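See structure below.
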Amino acid sequence: MSSSINSSAGRTRTAGRALGIVAVVGAAALGVLGPAQLAVAAPLTPPPTDLGPNVLVFSPDMPQADIQAKVDAVHDRQVDDEMGTGRYALLFRPGVYGSASDPLDVRVGYNTEVDGLGQDPSGVTINGGVTATGRNGSGSLDTFWRSVSNLTIKVVPTADSCHTGNEMWAVSQAAPMRRVDVKDYTTFMPYCESPNYASGGFVADSRLEGGALNGSQQQFYVRNTDLGAGWSNGVWNQVFSGDLNAPAQSFPVPPYTTLTATPVSREKPYLYVDAAGAYRVFVPSARTNSVGTSWADGHTAGTSLPLSSFFVAHPGDPIARINSALAQGKNLLMTPGVYDVAQSIAIKRADTVVLGLGLATLTAQNGAVPMTVADVRGVDIAGLTFDAGTVDSPTLLRIGSGHDKGGPHVASAADPTALQDVFFRIGGPHVGKATTSLEVNSDHTILDDVWAWRADHGVAGSVGWTVNTADTGVVVNGDDVTATGLFVEHYQKYNVVWNGERGRTVFFQNELPYDAPDQAAWRHGKVDGWAAYKVADSVRTHEAWGLGSYIYTNVDPSLHATQSFEVPDRPGVVMHDLTTVALNTNAGTIDHVINGEGTAATGAVSGQPQTVTTYTNGVAQ
C-alpha cells in the first residue's frame, strides 16, 4: 500500500477546484428520505437548553442501530450539499459507542460537526471510525466545512473496509481535527477514490498513536500533536509546530518545516457535560512555546463556564436581541443554521466567548459587517462561517477599531483574543461581495485555522471576476498577531496584507485567483498580478514559516504574477521555507518566489515547487 500511495504525491488540485457548477440539495430533497431519516429533525437526548433541531445528542444507552440510522441520515442529507443551508452537530455524551463486532461508522458530510461531550478526549470512545472521504473525479479537493473533535477513536473496519480500514480524515480546507485520540493508523489521503487528490488540512491538540499518512496532501499543518509512530509523505508544504514524533526539519526535500514549539496558541472552546450531567463550555487558557497536547498530563488548563452564562441563539433571532444579551454580559452560543445579519453583532465585553455549533453561518445583508469586536482583550470566536452578501460589505469580521482610528492598546499576551476554525466565503452558495473578509486591529490576537475563500466554484451565477468581488482576504493592523494555520485563496488584490509589527505566521496556504480575464485586470503599477502575502513596507519585524502559493489561471493561462511574497528588506523581517507552484501545464506563471528572488513557477515545470529556504534583508537562500 505504501508504495502505491506514495506514487500519487505531487498531483495537482485543479481537477477538483475548477469543477464549475455544484448542485444544491434544497429542503425539497428531504422528501425523498424515509420515515427514519425524516426523524433526524428531532434531538435525541436534549440538553436543558434548546440547541435547535439540528443538534443531535447521543448517549451510550441508546440502541446502536438507532444511532447508526441517525448518523447515516445526516450524512445522506449532507454528503453532496456543499452549497446548501443544512447545518448539523452530532454530539456524543460520555461513554463507549460501537464494538468490535458492531462498529459505529460516523460518515461526515458537508457542514457537519462531530464532537465528544467529555471534558477530555478519553470521555468518549468510538469503536469504528469518524470518516471524511473524497469523491470519485475530484478526490478530496472540495472536502470542506466539517470537523471532528474531543473523542477517542479505536478503528474497527466495516463492510466498506477501504474507507474504514484506517481512521480516514481525507479533507481539504475548513475541516479541522482537534482533541482527537486515534489509537490506530490515520490517513489524510483519499486513497479509495480516483483520482486521489487532496489539498490542505489542519490537525491540532491531538494524539495519532499509530502515526499518520500525508500521502497526496499538497499542504498540511499539524500543531501540538503527538504523532506516535510518525508521519509519512510530503508533497509541497508540510508544517509542524509543537509536535511530538514529527519529522525533522528538512525543507525543501522532503518539504518539512518543523518548529520545536508553537510560539503562542489558544485551543478552541468546547461544549462538554460535567460529572453532574450539566452542560458547560470550557475555555482553554493561552499557551506560549508549547509542545504536545493540552491534555496529556490531565485536564486542559482553562475556565469552565455554565451554559446559563450563554445566550443560545437560533436562526431567525433578531440581532437586536442577541446584542442586548451580549450587552448584559452574556456569552454567545450559535446553534446550527444560517443567520441573516443586517446589523453587526457587537462584542463589547472583554473575555466574551462566541461559539458556533455545526458551522453556524452568518450571511451579510445590505452590506453589513456581520460581527465586530470592540477594543477589549480576551475575546474568543470559534466555529463560525461568514458569508458575504450580494451588497458589498467593507469587511465580514472586524477585531478592534484600529490603531489608525485611535483605538487603545488594551490587549494582553496573557489573555489574547483568539479565532479558531473561523471561515469566510465570498460567493459559492450565492453572489457575494466584500472588500475584505477579516480585519484584525487588536494586538495579541491569535488566528488558529482561518480559511478565507473567494469561491472558484459554486451554484450557477455566483462566481465570476465581476460577480463575487473581493480585494483582500485578511488585513492585520494589530501588533503581536500570530497566525497558526492561515489559508487565504483567490482574492483579486493582495490576499493578505500585514501592517502590524512583530507578526508571525506558522503555515500559510494560498491559491492566486483563477479567473482574471486578462493581465490589465490583474496588475498594479508595473507589477503583474498581486502578491499572495504582503508585509507592509513600514514593518520592521515579522517572521513566517512554511508558506505556499499556487497559480492556476483558467480564463487566461498567459497571466503572470511577478511574485507571491513581498516583504520589506530589513534584518528583522525573516521568511522561512517558501514555495510557489504552477498547478497545470497551461496555468499561468509566478515569475519569482519573493521580492524578485527565486525561479519561475511555470507550466513547463507544472507541479514542481520553486522554493526559497530563507529570505531576509534582501538575501535569498
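The values are calculated or read from the model by the stated rules, or taken from the named source; none is laboratory data. Quantities reported herein were computed from a predicted structural model and do not represent experimental measurements. Here the Cβ is made from the backbone with ideal geometry for all residues, glycine too, and neighbour counts use every protein chain on show.
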Restricting attention to the stretch 169-179, does a residue exist that is within 27 Å of Asp387 (Cβ to Cβ), outside any loop (DSSP other than H, G, I, E, B), among the hydrophobic types (A, V, I, L, M, F, W, C) and touching a residue at least 12 places away in the same chain (Cβ under 8 Å)? yes
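Are any residues in the stretch 479-522 part of a helix (DSSP H, G or I) and small (Gly, Ala, Ser), and if so, which ones?
Across the stretch 479-522, the qualifying residues are Ala520, Ala521.
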Contact list please: Cβ distance under 6 Å, first residue in the stretch 366-393 and in a loop (DSSP other than H, G, I, E, B), second residue of a type in the set (Asp, Glu), pairs at least six apart or on different chains. Gly367/Asp392; Arg377/Asp415; Gly378/Asp351; Gly378/Asp415
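Scan Asn233, Asn237 and give me the residue that is within 22 Å of the chain's Cα centre (by Cα), more than 16 Å from Gln420 (Cα to Cα) and modelled with pLDDT under 95.
Numbers: Asn237 fails: modelled with pLDDT under 95.
Among Asn233, Asn237, only Asn233 is within 22 Å of the chain's Cα centre (by Cα), more than 16 Å from Gln420 (Cα to Cα) and modelled with pLDDT under 95.
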If a residue has to be surrounded by fewer than 20 Cβ atoms within 10 Å (Cβ to Cβ) and over 22 Å from Gly607 (Cα atoms) to count, how many in the stretch 490-533 make the cut? 14
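This table checks each residue for (1) closer than 16 Å to Thr445 by Cβ; (2) of a type in the set (Val, Ile, Thr); (3) crowded, with 21+ Cβ neighbours inside 10 Å; (4) touching a His at 6+ places or on another chain (Cβ under 7 Å).
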{"residue": "Met334", "(1), (2), (3), (4)": "no, no, yes, no"}
{"residue": "Ile345", "(1), (2), (3), (4)": "no, yes, yes, no"}
{"residue": "Leu362", "(1), (2), (3), (4)": "no, no, yes, no"}
{"residue": "Val379", "(1), (2), (3), (4)": "yes, yes, yes, no"}
{"residue": "Ala382", "(1), (2), (3), (4)": "yes, no, yes, no"}
{"residue": "Pro394", "(1), (2), (3), (4)": "no, no, no, no"}
Considering each residue of the stretch 192-212, count those that are buried (at least 23 other Cβ atoms within 10 Å of the Cβ) and modelled with pLDDT under 95, and give that number. 5
Do you know which residues across the stretch 104-161 are in contact with an Asp or Glu (Cβ under 8 Å, 6 or more places away or on another chain), part of a strand (DSSP E or B) and acidic (Asp, Glu)? Asp105
Tally the residues that are within 22 Å of the chain's Cα centre (by Cα), over 16 Å from Glu543 (Cα atoms) and among the small types (Gly, Ala, Ser), restricting the search to the stretch 463-481. 2
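Do we have Ala536 as within 20 Å of Ala452 (Cβ to Cβ), surrounded by fewer than 20 Cβ atoms within 10 Å (Cβ to Cβ) and aliphatic (A, V, I, L, M) here?
Against the criterion (within 20 Å of Ala452 (Cβ to Cβ), surrounded by fewer than 20 Cβ atoms within 10 Å (Cβ to Cβ) and aliphatic (A, V, I, L, M)), Ala536 qualifies.
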Of everything in the stretch 442-472, what is of a type in the set (Ser, Thr, Tyr) and either more than 30 Å from Ala286 (Cβ to Cβ) or out of contact with any strand residue (DSSP E or B) (no Cβ under 9 Å at 6 or more places or on another chain) (or both)? Give them in sequence order. Ser462, Thr466, Thr469
Among the numbered criteria (1) more than 16 Å from Val180 (Cα to Cα); (2) under 19 Å from the mean Cα position of the chain (by Cα); (3) not β-branched (Val, Ile, Thr), which one does Glu267 miss? (1)
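Being under 21 Å from Val488 (Cα atoms) and of a type in the set (Ser, Thr, Tyr) is the requirement here; does Thr611 meet it? So that I can check it myself, show each step before the final result.
Values: under 21 Å from Val488 (Cα atoms): yes; of a type in the set (Ser, Thr, Tyr): yes.
Considered against the rule, which asks whether it is under 21 Å from Val488 (Cα atoms) and of a type in the set (Ser, Thr, Tyr), Thr611 comes out as yes.
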Which of the following residues is of a type in the set (A, V, I, L, M, F, W, C), surrounded by 24 or more Cβ atoms within 10 Å (Cβ to Cβ), at pLDDT 95 or above and out of contact with any Lys or Arg (no Cβ under 7 Å at 6 or more places or on another chain): Ile399, Ile426? Ile399
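Go through the stretch 147-175 residue by residue and tally those that are of a type in the set (D, E, K, R) and surrounded by fewer than 24 Cβ atoms within 10 Å (Cβ to Cβ). Outline the logic, then answer.
Restricting attention to the stretch 147-175, the residues satisfying the condition of being of a type in the set (D, E, K, R) are 154, 160, 167.
Those left that are additionally surrounded by fewer than 24 Cβ atoms within 10 Å (Cβ to Cβ): 154, 160.
Final tally of qualifying residues: 2.
Considering only the stretch 78-92, state which residues are among the charged types (D, E, K, R) and surrounded by fewer than 23 Cβ atoms within 10 Å (Cβ to Cβ).
Just the residues of the stretch 78-92 that are among the charged types (D, E, K, R), to begin with: 80-82, 87.
If the condition is that a residue be among the charged types (D, E, K, R) and surrounded by fewer than 23 Cβ atoms within 10 Å (Cβ to Cβ), then Asp80, Asp81 are the ones that fit.
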Only residues in the stretch 131-155 that are under 19 Å from Asp421 (Cα atoms) and among the aromatic types (Phe, Trp, Tyr) count as the first member; pair them with residues that are at pLDDT 95 or above and not in a loop (DSSP other than H, G, I, E, B), Cβ under 6 angstrom, at least 6 apart or cross-chain, and list the lot. Trp145/Leu359
May I ask you to verify whether Val467 is of a type in the set (A, V, I, L, M), part of a loop (DSSP other than H, G, I, E, B) and either touching a Pro at 6+ places or on another chain (Cβ under 6 Å) or without any contact (Cβ under 8 Å) to a residue 60 or more places away in the chain (or both)? yes
